[in-house]
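> Would you mind keeping the following structure in view while I ask a few things?
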Amino acid sequence: MPLPVCYLNGAYLPLAEARVSPLDRAFLFGDAVYEVLPVYAGRPFRLREHFDRLARSLAAVRIPQPMPHAGWNEVCLELIRRNGGGDQYLYVQVTRGAEFGRSHAWPEGLAPTVFAYANALEPAPAGLLEHGVAAITAAETRWARRDIKSTSLLANVLLKKLSADAGAYETIMLEDGWLTEGSSTTVHVIAGGRILTPPNGTHILPGTTRGVVELLAERLGIALESSPVSAATLRSAEEIWLAFATRGLLPVTRLDGSPVGAGSPGPLFRRMHAAFGAYVQELAGTPSL
Ligand SMILES: Cc1ncc(COP(=O)(O)O)c(C=O)c1O
């Protein structure tokens with residue numbers, strides 16, 4: 001498959017020709033933050049929310065904002081256009097920049113490296129929605145600032161590999177008996193007909209997709225509670241959903257080898273998933289910012 005056109009430090013060029021220095025602190029330290037956002041029919045979805053979160057990640061790690069939201073919007077729209085429109089996903093990364101010295105305490109005045117690309121978003125295999133996915137649980141092993149969307153993802157990578165090795169789709173983390181999130185997803189648990197999801201804080205990434213679930217739960221009249229979820233509640237859930245930008249919502253139908261609820265996607269999932277699709281349609285053709 002040919003590589004797409006990317007954006008690097010102000011220029012659009014074939015990704016195959018893009019080069020960054022091995023002295024870039026993203027390469028040496030994982031000293032960078034990022035975003036991944038979906039594009040439906042050529043329109044970036046939740047662009048404002050993604051770049052609000054990027055701005056918060058940048059501020060938290062003290063990397064200057066390379067451009068305002070309007071600039072990001074332009075870069076995204078140009079990448080989408082140059083890569084043929086349709087359904088895509090956008091990856092955006094800002095690193096602290098390159099420096100010879102490898103100083104943990106970085107020198108002031110570095111020029112951030114700004115990189116972005118768009119790629120086709122393949123439709124989810126039908127089986128994923130029809131049958132749901134399997135997940136396993138594992139002990140939380142990440143750092144204490146999981147609200148920052150950092151490219152330092154070694155713990156997430158190792159955690160995700162555990163599920164892949166087990167033939168499952170996602171690893172759901174538990175910390176001291178409480179649910180945090182999936183290795184790359186926000187977890188929602190249905191109990192007593194209500195949607196439960198852990199509150200945002202430093203212990204999880206504030207997902208953009210959970211915001212859509214919140215909005216649609218209100219529209220659908222389904223109660224949603226953002227409060228700590230115990231391991232016991234997770235294990236006795238009627239339904240479990242994964243929320244993340246590139247797939248929207250997926251039902252978990254097996255957890256650690258046992259069926260979740262009836263072992264098939266539940267009625268609330270079906271309602272929420274349909275409402276999600278309708279919401280994407282509703283936004284079609286409206287400005288992305
Ligand atoms: C650790 C983690 N939690 C949650 C999410 C979901 O966030 P979003 O809905 O913005 O994709 C992600 C997405 O990549 C993630 O990496």
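> For the structure I just gave you, tell me whether residue 39 is touching a helix residue (DSSP H, G or I) at 6+ places or on another chain (Cβ under 8 Å), outside any loop (DSSP other than H, G, I, E, B) and within 13 Å of the ligand (Cβ to nearest atom). Steps first, please.
Details: touching a helix residue (DSSP H, G or I) at 6+ places or on another chain (Cβ under 8 Å): yes; outside any loop (DSSP other than H, G, I, E, B): yes; within 13 Å of the ligand (Cβ to nearest atom): no.
The answer is no for residue 39.
> Taking residue 250 as the residue in question, decide whether it is open to solvent by less than 30 Å² (accessible area, probe 1.4 Å) and either modelled with pLDDT of 95 or more or of a type in the set (D, E, K, R) (or both).
Details: open to solvent by less than 30 Å² (accessible area, probe 1.4 Å): yes; either modelled with pLDDT of 95 or more or of a type in the set (D, E, K, R) (or both): yes.
Here the answer is yes, as residue 250 does meet what is asked.
> Right, here's the next one. Please state which one of 206, 198 is over 16 Å from residue 133 (Cβ atoms), touching a residue at least 60 places away in the same chain (Cβ under 8 Å) and open to solvent by less than 40 Å² (accessible area, probe 1.4 Å). Walk me through it before giving the result.
On the way: 198 fails: touching a residue at least 60 places away in the same chain (Cβ under 8 Å).
Of the residues listed, the single one that is over 16 Å from residue 133 (Cβ atoms), touching a residue at least 60 places away in the same chain (Cβ under 8 Å) and open to solvent by less than 40 Å² (accessible area, probe 1.4 Å) is 206.
> Across the stretch 1-26, which residue is most open to solvent (accessible area, probe 1.4 Å) among those that are in a helix (DSSP H, G or I) and touching a residue at least 24 places away in the same chain (Cβ under 8 Å)?
The initial filter retains those residues of the stretch 1-26 that are in a helix (DSSP H, G or I), namely 15-17, 25-26.
Those left that are additionally touching a residue at least 24 places away in the same chain (Cβ under 8 Å): 15, 25-26.
Numbers: 15: 41, 25: 4, 26: 26 Å².
Among them, the one singled out is 15.
Quick grid of which residues meet (1) out of contact with any Ser or Thr (no Cβ under 8 Å at 6 or more places or on another chain); (2) touching a residue at least 12 places away in the same chain (Cβ under 8 Å); (3) more than 16 Å from the ligand (Cβ to nearest atom):
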site: 74; (1), (2), (3): yes, no, yes
site: 78; (1), (2), (3): yes, yes, yes
site: 97; (1), (2), (3): no, yes, yes
site: 150; (1), (2), (3): no, yes, no
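> For residues in the stretch 42-72 being among the charged types (D, E, K, R) and within 16 Å of the ligand (Cβ to nearest atom), which is surrounded by the most Cβ atoms within 10 Å (Cβ to Cβ)? Write out each step before concluding.
First, pick out the residues of the stretch 42-72 that are among the charged types (D, E, K, R): 43, 46, 48-49, 52-53, 56, 62.
Retained after the next criterion (residues that are within 16 Å of the ligand (Cβ to nearest atom)): 46, 48-49, 52-53, 56.
Working: 46: 18, 48: 14, 49: 18, 52: 14, 53: 21, 56: 15.
Filtering the stretch 42-72 for residues that are among the charged types (D, E, K, R) and within 16 Å of the ligand (Cβ to nearest atom), the one surrounded by the most Cβ atoms within 10 Å (Cβ to Cβ) comes out as 53.
> Need at least 1 residues that are within 14 Å of the ligand (Cβ to nearest atom), outside the structural domain of residue 72 (by TED's automatic domain parsing) and under 19 Å from residue 168 (Cα atoms) per element, so show me which strands (runs of 3 or more DSSP E) inside the stretch 213-289 make the cut, counting only ones lying wholly within it. Show your work before the answer.
Details: elements: 224-226, 239-244, 248-255.
It comes to 239-244, 248-255.
> Mind checking which pairs have a first residue in the stretch 104-124 that is over 15 Å from residue 32 (Cβ atoms) and a second that is assigned to a loop (DSSP other than H, G, I, E, B), Cβ under 6 Å, 6 or more apart or different chains?
Here the result reads 118/4; 118/83; 119/4; 121/87; 124/247, each pair linking the stretch 104-124 to a residue that is assigned to a loop (DSSP other than H, G, I, E, B).
> Considering only residues of the stretch 173-187 that are away from the ligand (no atom under 11 Å from the Cβ) and in a strand (DSSP E or B), which is surrounded by the most Cβ atoms within 10 Å (Cβ to Cβ)?
Let us first name the residues in the stretch 173-187 that are away from the ligand (no atom under 11 Å from the Cβ), namely 174-179.
Of the ones still in play, those that are also in a strand (DSSP E or B) are 174-175, 178-179.
Details: 174: 17, 175: 16, 178: 16, 179: 26.
Only one residue tops the list, namely 179.
> Same structure again: Any residue that is out of contact with any Gly (no Cβ under 6 Å at 6 or more places or on another chain), exposed (fewer than 13 other Cβ atoms within 10 Å of the Cβ) and not in a loop (DSSP other than H, G, I, E, B) - is there at least one of those in the stretch 116-129?
yes
> For residues in the stretch 253-276 being of a type in the set (A, V, I, L, M) and open to solvent by 60 Å² or more (accessible area, probe 1.4 Å), which is nearest to residue 219 (Cα to Cα)?
Out of the qualifying residues, it is 274.
The values are calculated or read from the model by the stated rules, or taken from the named source; none is laboratory data. Quick caveat: nothing in here was measured; it's all calculated off a predicted structure. Positions of Cβ are backbone-derived with ideal geometry, glycine not excepted, and every protein chain shown enters the neighbour counts. All accessible areas refer to the heavy atoms of the entire protein, side chains included, with ligands and DNA or RNA removed. Shrake-Rupley method; radii C 1.70, N 1.55, O 1.52, S 1.80 Å.
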